[in-house]
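Below is one structure; the comments refer to it alone.
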Amino acid sequence: MDVSSEIRRSFDLFAAGQLDEAAELAGAVLAVSPEEPSAHRVLAGVFLRRGQLDQALDSARRAWEIDPSVPEAAANLAAILVEVRQGEAAEQMARRAIEMAPDFVSAWVNLGLAYRCQSRQHDAVDAFRQAVQLQPEHHGALTNLGNVLCEVGEYAEAAECSRRVLQMRPGMAAAENNLGNALLKLGQIDEAILAYRRALAGGPDDSEIEYNLAIALEQAGRLSESEDVQRSVLSRVPDHARATNILGVALKLQ
């Protein structure tokens, strides 16, 4: 087996979304070369995409332990630590990646996510800004920057970030939702409603986007519509406490 060639092929399969094939090939490599860190990184990515976080963490740690000189291994481990809500450990790994590769955009994004995991929103803004400065068209960095800017009250800039993402990824549900959140805070309620409806067109059955839409409708005085949307949320998520509260508000106002 040509290990280098097979590893490249497994990464290509992973990038193409062929997770089963990528995992099978990475496993075949590990059967021949158990200490091949790249194969462990492929498996970490596959497990992460599947939501198998414990296995993803084990594979990412193994890749890092075998060869801690690879910035991608540190950044990948940081990303998975964020997913399992280990914010301080994620921050340490993201910083290690940045120390090795100061221009590594994904490491800066992961550092921002690690800060956000620790409720350090202003630090997260700085990290995401650095990522965007390094790669202005990085839609993930822009999306996260827009999110956290909204959280710290910079609504106009948050809206602009979301609009930039939507220029690159028209109809992206997360970006439309973020835009709606910023517009709602800016008092542009009708525009926010339109953004939420576009988000639902791209991500139907998303209860959080529906919940946001109901809030905007309630603020616009469209109470029966708000009621209908919240009932839709509760039909799928019966214990959604915030939706229950807003439904009560809409009913009371009617």
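Give the residue that is farthest from residue 218 (Cα to Cα), with candidates limited to residues of segment 231-246 that are in contact (Cβ under 8 Å) with a residue 24 or more places away in the chain and hydrophobic (A, V, I, L, M, F, W, C).
237
Taking the residues in segment 91-114 that are of a type in the set (Asp, Glu) and either in contact with a helix residue (DSSP H, G or I) (Cβ under 8 Å, 6 or more places away or on another chain) or open to solvent by less than 20 Å² (accessible area, probe 1.4 Å) (or both) as candidates, determine which candidate is nearest to residue 152 (Cα to Cα).
91
Any chance segment 166-184 includes a residue that's in contact with a helix residue (DSSP H, G or I) (Cβ under 8 Å, 6 or more places away or on another chain), closer than 19 Å to residue 254 by Cβ and not small (Gly, Ala, Ser)?
Scanning segment 166-184 turns up no residue that is in contact with a helix residue (DSSP H, G or I) (Cβ under 8 Å, 6 or more places away or on another chain), closer than 19 Å to residue 254 by Cβ and not small (Gly, Ala, Ser).
Only one residue in 88, 65 is in a helix (DSSP H, G or I) and free of Cβ contacts under 8 Å to residues at least 12 places away in the same chain. Which one?
65
Considering 39, 56, 26, which residue is under 24 Å from residue 117 (Cα atoms), buried (at least 24 other Cβ atoms within 10 Å of the Cβ) and among the aliphatic types (A, V, I, L, M)?
Step by step, each of 39, 56, 26 is checked, and only 56 is under 24 Å from residue 117 (Cα atoms), buried (at least 24 other Cβ atoms within 10 Å of the Cβ) and among the aliphatic types (A, V, I, L, M).
Please find, among 200, 234, the residue that is more than 19 Å from residue 189 (Cβ to Cβ) and among the aliphatic types (A, V, I, L, M).
Testing whether each residue is more than 19 Å from residue 189 (Cβ to Cβ) and among the aliphatic types (A, V, I, L, M) leaves just 234.
Which of the residues spanning segment 133-154 are of a type in the set (A, V, I, L, M, F, W, C), under 14 Å from residue 104 (Cβ atoms) and surrounded by fewer than 22 Cβ atoms within 10 Å (Cβ to Cβ)?
Within segment 133-154, just 134 meets the criteria.
Checking residue 157 against (1) in contact (Cβ under 8 Å) with a residue 24 or more places away in the chain; (2) over 30 Å from residue 66 (Cα atoms); (3) open to solvent by 20 Å² or more (accessible area, probe 1.4 Å): exactly one of these is not met. Which one?
In the conditions (1) in contact (Cβ under 8 Å) with a residue 24 or more places away in the chain; (2) over 30 Å from residue 66 (Cα atoms); (3) open to solvent by 20 Å² or more (accessible area, probe 1.4 Å), residue 157 misses (1) alone.
When you look at residue 8, is it at pLDDT 95 or above, open to solvent by 40 Å² or more (accessible area, probe 1.4 Å), in a helix (DSSP H, G or I) and charged (D, E, K, R), yes or no?
Considered against the rule, which asks whether it is at pLDDT 95 or above, open to solvent by 40 Å² or more (accessible area, probe 1.4 Å), in a helix (DSSP H, G or I) and charged (D, E, K, R), residue 8 comes out as no.
Does segment 209-254 hold any residues that are touching a His at 6+ places or on another chain (Cβ under 9 Å) and under 20 Å from residue 173 (Cα atoms), and which are they?
Scanning segment 209-254 gives 211, 230, 233.
Name the single residue that is farthest from the chain's Cα centre (by Cα) among those in segment 42-53 being crowded, with 17+ Cβ neighbours inside 10 Å and among the small types (Gly, Ala, Ser).
44
The values are calculated or read from the model by the stated rules, or taken from the named source; none is laboratory data. Source: prediction; values computed, not measured. A quick note on method: Cβ atoms are made from the backbone with ideal geometry, for glycine too, and the neighbour counts reach across all protein chains shown. Heads up: the accessible areas ignore ligands, DNA and RNA and are worked out on the full protein's heavy atoms, side chains in. Shrake-Rupley method; radii C 1.70, N 1.55, O 1.52, S 1.80 Å.
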